[in-house]
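See structure below.
The values are calculated or read from the model by the stated rules, or taken from the named source; none is laboratory data. The shown structure was predicted, so the numbers you read here are calculated from the model rather than taken from an experiment. Using ideal geometry, Cβ is built from the backbone for each residue, glycine included, and neighbour counts are taken over all protein chains shown. The protein model used for the area step is the full one, side chains on, heavy atoms only, and it has no ligands, DNA or RNA in it. Shrake-Rupley method; radii C 1.70, N 1.55, O 1.52, S 1.80 Å.
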Amino acid sequence: MTEFSQGPAFWQAILALLIFAAAYVCILIEKWDRMYTALGGAVLMVVLGIVPLGMAVTTYANWHVLLLLASLYLIAGLFQKTGLIAYSASYLIRRFRLQPFTILLSLSVLAAVTSALWDGLLAIAVIVPILLKTTKLMKLSPVPFLISVLLSANIGGAATLIGNLPNRMISASVNLSSGEILIKIAPLVIMLLAIVYLVMWMIYGKKMLVAESHKRELLSLQPASYLAADRGFLIGSSLITGLTLLALLLQGALGFKASYIAAFGALALLALNYKELVQLVKKRDYRSVWHGLMETQLLFFLGLFIMVGGLTYSGISGFIAARGLEISQGSVPFLSILLLWLTGFGSAMMDYIPYTAAMIPVVEHMGGVMLNLSHVTISPLWWSLIVGTAIGSGVTLLSSTTSMYAAALSEREGGGLTQRNYFIVAAPISLLLFLVATIYFKLFLL
C-alpha cells in the first residue's frame, strides 16, 4: 500500500478512482452484465499501469477466496438435487405454521450466530438455498428475507475474534483477546441486530402474507416427498456435503485451507454425478460449460478483486487514512469515531477484505505515533475498524464476499435480489446502525 503524493502516482490514483466509480455505477444500474463490467474495469487498470499485472493476478486476485466461492457454489447447486433443501423448506413452513416473519427472524438469527461462531460465507452457503426454496413454496418475494439474513451475517460476525474475516486479520496483526472483543463488541452487535429486525418488521411485517387459497396446499406438504428417489445418490451427496461442512468448521484444527476443503468436496460431488459429466463431454456442449462458469460468478469476483487492488495499490486508502490522522490531531476519541465512519464508507464502496488489509498497517502506524506521544490506549481504533467493516459491508451487495455470493445464488434461482432493491433498504438501515454505534462508542468505549 502506498500513499500518492505527486507525479504519475497521482494521475494513476485519479484514474483508478474514476474507473472503479464508473464500474460501480454500471453494476448498480444493472444495464450490462456485471461480469463483463468488472473484467473491463480490471483490464483497464492493468493496461493503464495502475496496478502491475503480476500483482493483479497474484496479490490482489485472491485465488483461495475465488476457489472457495466457486467450490461452495458448485456444492450448493449439486446438493439441491438431493431434495434435502426443499425438505428443510417445507419443514420450516409446517413448523412455523405459515408465519413468514417468524421464518425470517429464525433464519436471520441463525445466520448471525453461525457467522459469529464460524464464518459468514458458510452461513450464507447453508441458509440462502433453504431461504430461496422456502419463499418460493410460499409464493413470497425472497428479497426481504435475503436482506435480513445478509445484514445479520455481516453484523453478527463482528461479535467474536473468529467471526468476520476482518476480525481474524486484525487479531493476526495485533494482540487482541477473544474475551475483550466479546465484552466490548458483542452487546453492540446484539443491539444492532435488534434494530435490524425491528426495522424489517416495520417495513415488511404486515406485507408478508400468504394467500388464503395457498395455505391449505402448503400445510398439506409432505417434506419427505421432496427427497430424491435415488437413495444412494441422496445418502452419498448428503454424506459428502456434511463432511465438507464439518471440515470447514474444523479447518483450524485440521490445518487445511478452507478453499482446498471446499474444492475437494465439490470434486467429490462432481464424481458422484459423473454420468452427467460424461454426457456433457460426449455432446461437446461447450456453451453449457461457459454458462456454468458464468453462473459461478468466478470471473466477476476476479475482476472486482483486481479493481479494488488497483485502488489499494494506487494509494487511495492510504491517502484517506493519512488525512484522517491529520484532522484528528492525536485525539483518540475523535479519531475512533472518524475511523468508524471512514471504514464504513470504505467497506461500503469495496470488498472489505482488501480494504481491511490496507487499513491495518495504517491504523498500526497511527496508533504507534499516538501511543508514543501521549501513552493512551489505542484499542478503540481497532473496535472502530471491526464495527465499521461489519456495518459497512452490509450497505451494498458489492461490500462483502458473502453478499456477492448470496446475490449469485439468488440470480441462479431467480430470487429477484438486485443491487438497487437491496441498496434502497439496506443503506438507510446501515446509516441508522452507524448512528447507534457512534452513540455506543461515546458512552461505553471511549
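Say we look at region 279-337 and pick out the residues that are open to solvent by 50 Å² or more (accessible area, probe 1.4 Å) and not in a helix (DSSP H, G or I); which of these is modelled with the lowest pLDDT?
Only one residue fits best here, namely Asp285.
What are the residues in region 395-412 that are open to solvent by 10 Å² or more (accessible area, probe 1.4 Å) and either at pLDDT 90 or above or in contact with a Pro (Cβ under 8 Å, 6 or more places away or on another chain) (or both), if any?
Scanning region 395-412 gives a single hit, Val395.
Take Gly265 and decide whether it is part of a helix (DSSP H, G or I), modelled with pLDDT of 75 or more and open to solvent by less than 70 Å² (accessible area, probe 1.4 Å).
So Gly265 passes the test.
State whether the residues of region 20-33 include one that is buried (at least 20 other Cβ atoms within 10 Å of the Cβ), of a type outside the set (D, E, K, R) and over 18 Å from Gly309 (Cα atoms).
The answer is no, given that none of the residues of region 20-33 is buried (at least 20 other Cβ atoms within 10 Å of the Cβ), of a type outside the set (D, E, K, R) and over 18 Å from Gly309 (Cα atoms).
Of the residues that make up region 159-169, is at least one surrounded by fewer than 21 Cβ atoms within 10 Å (Cβ to Cβ) and part of a helix (DSSP H, G or I)?
yes
Looking at region 416-446, which of its residues are open to solvent by 30 Å² or more (accessible area, probe 1.4 Å) and outside any helix (DSSP H, G or I)?
Gly416, Thr418, Leu446
Hey, could you check region 170-193 for residues that are open to solvent by 60 Å² or more (accessible area, probe 1.4 Å) and under 21 Å from the mean Cα position of the chain (by Cα) and say which is nearest to Ile360 (Cα to Cα)?
Ala172
Is there any pair with a first residue in region 177-201 that is under 15 Å from Ile386 (Cα atoms) and of a type in the set (Ser, Thr, Tyr) and a second that is open to solvent by 10 Å² or more (accessible area, probe 1.4 Å) and outside any helix (DSSP H, G or I) whose Cβ atoms are under 9 Å apart and which are 6 or more apart or on different chains, and what are they?
As it stands, the answer is Ser177/Leu161; Ser178/Thr160; Ser178/Leu161; Ser178/Ile162, since those pairs meet every condition given.
From the list Met45, Met35, which one is modelled with pLDDT under 85, outside any loop (DSSP other than H, G, I, E, B) and touching a helix residue (DSSP H, G or I) at 6+ places or on another chain (Cβ under 7 Å)?
Exactly one of Met45, Met35 is modelled with pLDDT under 85, outside any loop (DSSP other than H, G, I, E, B) and touching a helix residue (DSSP H, G or I) at 6+ places or on another chain (Cβ under 7 Å), namely Met35.
What tally of residues in region 226-259 results from selecting those that are of a type outside the set (Gly, Ala, Ser) and without any contact (Cβ under 8 Å) to a residue 40 or more places away in the chain?
11
Pull up region 136-148, narrow it to residues that are in a helix (DSSP H, G or I) and over 17 Å from Lys206 (Cβ atoms), then point me to the one that is least open to solvent (accessible area, probe 1.4 Å).
Leu146
Which one is nearest to the chain's Cα centre (by Cα) among residues in region 48-64 that are in a loop (DSSP other than H, G, I, E, B) and closer than 11 Å to Leu302 by Cα?
Asn62
Those residues that are within 30 Å of Leu227 (Cα to Cα), of a type outside the set (Ser, Thr, Tyr) and in contact (Cβ under 8 Å) with a residue 60 or more places away in the chain, I need them from region 42-81; list them, please.
Passing the criteria: Leu67, Leu68, Leu69, Ala70, Leu72, Leu74, Ile75, Ala76, Gly77, Leu78, Phe79, Lys81.
Counting only residues that are open to solvent by 60 Å² or more (accessible area, probe 1.4 Å) and under 26 Å from Trp201 (Cβ atoms), which one in region 55-103 is modelled with the lowest pLDDT?
Arg97
Please count how many residues of region 14-32 are part of a loop (DSSP other than H, G, I, E, B) and on the phi < 0 side of the Ramachandran plot.
So the answer is 2.
Kindly establish whether Val387 is open to solvent by less than 10 Å² (accessible area, probe 1.4 Å) and either at pLDDT below 90 or in contact with a helix residue (DSSP H, G or I) (Cβ under 6 Å, 6 or more places away or on another chain) (or both).
When the stated conditions are applied, Val387 passes them.
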